[in-house]
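Read-outs: derived from the displayed coordinates by stated rules, not from any lab. Bear in mind the structure is a predicted one, so any value in this text is a computation, not a measurement. Cβ placement follows ideal geometry from the backbone for every residue including glycine, while neighbour counts extend to all protein chains displayed.
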Amino acid sequence: MPVAARLYDLAMWELFRLMGLFLVGAIIMRGTGCIVNDLWDRDIDPHVTRTSGRPIAAKRISIGLALLIIFLLALIGLVILIQLPVEAIVIGIAALPLIVAYPLAKRFTGYPQIVLGITYSWGALLGWAAIGVWPDSRVIWLYLAMACWTFGYDTIYAIQDMTDDERIGIGSSALSLAGNIQKITAVVYGLVIALLIGFAVTTGAGPFFSFAIVVTAYHFGWQVARIDEHNPNLAGRLFRSNRNVGLILAAGTLADTIQALGWITIS
């Protein structure tokens, strides 16, 4: 969003307003997606060590209550969505089938992380549309980068459940790539960096986003060097470290936008 704001001369106060809406909306939709996922997986989660204690799997929350919570969260999400331009509303609604369908992917493919990447990265398109313009070819670089990143970090995440997933008979990229997870993740993360560079070039990124890409590349190298298919606890820690990647990239794009407005000068 900050990149689109810079390219289309969006006022800073409006950018911060939209970012605030997106923050709340992301929390709401992530929560909704998690509940939908847990409803689909309510017969699977009790048999997976890491997920057996989830509220729906453990029957601490009924299906009826879960559906009610989804409805309430969806209402809040709708209130946020209708404050955005029509372009963003259309893009946002288009993502709903993906949110609902993702949990089914693990039942029919050995690479559900691909579907997750397609779904989670939708925010790149939505952020672009939020300033009132349709996504163009430039944002596709970012969308593909985010999709590949999601595939990479969720493959690491799936290492935690490899034993249970194999026993139950559900698919994951970690199982499909067993023995080669470190190598493939390195390739995928390398592709993320290449796509981010493409995005930076096509959007005329400044020094801050460029530096953020360098830091991200270092962070990815740190992750890949530590991947161990036989260490679920480490996999969980590596997965969670990806929140730093999001913060680094967001800070870089926002700093470039602030600099473009003359608030930051580099002598």
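If you line up the long axis of helix 242-260 against the longest principal axis of the chain, both from Cα atoms, how many degrees apart are they, to the nearest 10?
Value to nearest ten degrees: 10.
Nearest 10 degrees is fine. How inclined is helix 181-202 to the longest principal axis of the chain, computing both from alpha carbons?
Between the helix axis and the principal axis of the chain, the angle is about 20 degrees.
At a 10 Å Cβ-Cβ cut-off, how would you order Val115, Val201, fewest neighbours first? Mind dumping the intermediate values first?
Details: Val115 20, Val201 12.
By the 10 Å Cβ count, ascending: Val201, Val115.
Pairs of alpha-carbon atoms within less than 8 angstrom and 6+ residues apart define the contacts here; what relative contact order does segment 138-267 have, in percent? Numbers along the way, then the final one.
Details: 132 pairs, mean separation 41.0, N = 130.
In percent, rounded to a whole number, it is 32.
For segment 95-168, calculate the relative contact order in percent as a whole number, restricting contacts to Cα pairs under 8 Å that are 6 or more residues apart. The partial results should precede the final answer.
On the way: 50 pairs, mean separation 22.6, N = 74.
Relative contact order of segment 95-168: 30 percent.
Of Tyr157, Tyr111, how do they rank once you tally other Cβ atoms within 10 Å and put the fewest first?
Working: Tyr157 23, Tyr111 18.
If I rank by nearby Cβ atoms, fewest first, I get Tyr111, Tyr157.
Could you work out how far helix 96-108 tilts from the main Cα principal axis of the chain, as a 0 to 90 degree angle to the nearest 10?
Helix 96-108 sits at roughly 40 degrees to that axis.
Going by Cα centres, segment 1-37 and segment 146-180 are how many Å apart?
The distance from the Cα centre of segment 1-37 to that of segment 146-180 comes to 29 Å.
Convert 10 °C to kelvin, take the viscosity as 1.306 mPa s, use the Kirkwood radius over C-alpha pairs of segment 2-260 as Rh, and evaluate the Stokes-Einstein diffusion coefficient in µm²/s, rounded to a whole number.
Numbers: Rh = 19.4 Å.
Diffusion coefficient, whole number: 82 µm²/s.
As a test of the formula, what do you get for the chain when each DSSP H run with n ≥ 4 contributes -39,500 (n - 2.57) and the sum is divided by the residue count, at 222 nm and rounded to the nearest 500 deg cm²/dmol? Kindly include the intermediate steps, with their values, before the conclusion.
Details: 14 runs with 196 residues, N = 267.
Calculated at 222 nm, the ellipticity per residue is -23500 deg cm²/dmol.
Where does each of Ile35, Ile168 land when they are ranked from fewest to most other beta-carbon atoms within 10 angstrom? Walk me through the intermediate numbers first.
Numbers: Ile35 19, Ile168 13.
Neighbour counts put them in this order, fewest first: Ile168, Ile35.
Using a/c under 1.5 as the rounded threshold, could you call segment 27-124 rounded, prolate or oblate? The axes a ≥ b ≥ c are square roots of the C-alpha gyration tensor eigenvalues, and prolate needs a/b larger than b/c, oblate otherwise. List each step's numbers first, then the result.
Values: a/c = 2.91, a/b = 1.40, b/c = 2.07.
Oblate is the answer for segment 27-124, as a/c is 1.5 or above yet b/c matches or exceeds a/b.
Quote the Stokes-Einstein diffusion coefficient, in whole µm² s⁻¹, for segment 71-221, based on the Kirkwood radius over alpha carbon pairs, a temperature of 4 °C and a viscosity of 1.567 mPa s. Let's see the in-between values first.
Working: Rh = 16.9 Å.
Value of D from the Cα-based Kirkwood radius: 77 µm²/s.
Using Cα-Cα distances under 8 Å and only pairs 6 or more residues apart, what relative contact order does the chain have, in percent?
Working: 322 pairs, mean separation 51.2, N = 267.
Normalised by residue count, the contact order of the chain is 19 percent.
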